[in-house]
């Protein structure tokens, strides 16, 4: 991932996810200061205009446009914020972090951990236990359902182009799986892609039979040890990392796969970390992050199909 550009430096604190409005040409992103911001990009250079759009009162993570693009999920086009749901089966959400909307209006999202918050996410990894869930919200009935439970840090969510399934990321297991929402496999979970070259965060369907999976970083030895679930080892690791960010600083990037999970291209940089989203807009790939104060952009025409 060479020749990357930094957009909106200092104006975007941890732009975690990116949503693109094709009508206005604006990129929406949720930042660590609680703002959902609108970014106007100049395609010919790195100059951008950043506007504070909606103050959410929390830490906005996953973003998606609703059916008919009437507005961002929970946020009207006029900026009115409305809480849809905050619990399922009597268990409050602690780290809701990704969302997508099917063509029929059904909302699918992940709660990465019902035990730990975003500021404590490293503890969830190091505890090595499945606190994550994949859920749905029906805007007609206002009902929230748990579709899949016992996930190891449930993360990115993407409705398949045929609308038959939901692809979701399981970060700590370095894999993506598929929940079947209709058809003969309705309600079941199958494999989509295993042994990813990095820890998956958000996933987006980009058209033309391709998904883009953001890879926060390469897996670490400490994560592998934590997932062995030896209680003494987990306690030692938690003591080591309490109050610190786990050293994930290596090979952050984005992986391109087709609808069968076959790998098509891998864009990464050894110095990037905590890449949380990848969005293809025109000939450019835009990347969000929990860590940086800008959006990363690369011109795909300047890159071959690296693997």
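Each value in this text was obtained by applying a stated rule to the coordinates, not by laboratory testing. None of the values given here were measured: they were computed from a predicted structure. Neighbour counts are summed over all protein chains in view; Cβ atoms, including those assigned to glycine, are modelled from backbone coordinates with ideal geometry.
Points worth noting:
- Within region 254-269, backbone nitrogen closer than 15 Å to the virtual label 7 Å beyond the Cα of residue 4 toward Cβ: 254-256, 266-269
- At R0 = 41 Å, FRET efficiency that the Cβ-Cβ distance of residue 195 and residue 80 yields, to 0.05: 0.40
- Ranked by how many other beta carbons lie within 10 Å on average, peptides 201-207, 279-285 from highest: 201-207, 279-285
- Peptides 81-93, 185-197 ranked from most to least packed give 185-197, 81-93, packing being the mean of other C-beta atoms within 10 angstrom over each peptide's residues.
- Going from the residue with the fewest nearby Cβ atoms within 10 Å to the one with the most, 176, 31, 169 rank 31, 176, 169.
- In a fully extended conformation the segment linking residue 262 and residue 283 would gain 5.4 nm over its present Cα-Cα distance, using 0.36 nm per residue.
- Ordering of 102-110, 120-128 by burial proxy (mean other Cβ atoms within 10 Å per residue, highest first): 120-128, 102-110
- Per-residue extension of 0.36 nm, minus the Cα-Cα distance of residue 138 and residue 300, leaves a gain of 54.6 nm for this segment.
- Between residue 87 and residue 55, the C-beta separation translates, for a Förster distance of 22 Å, into a calculated FRET efficiency of about 0.40.
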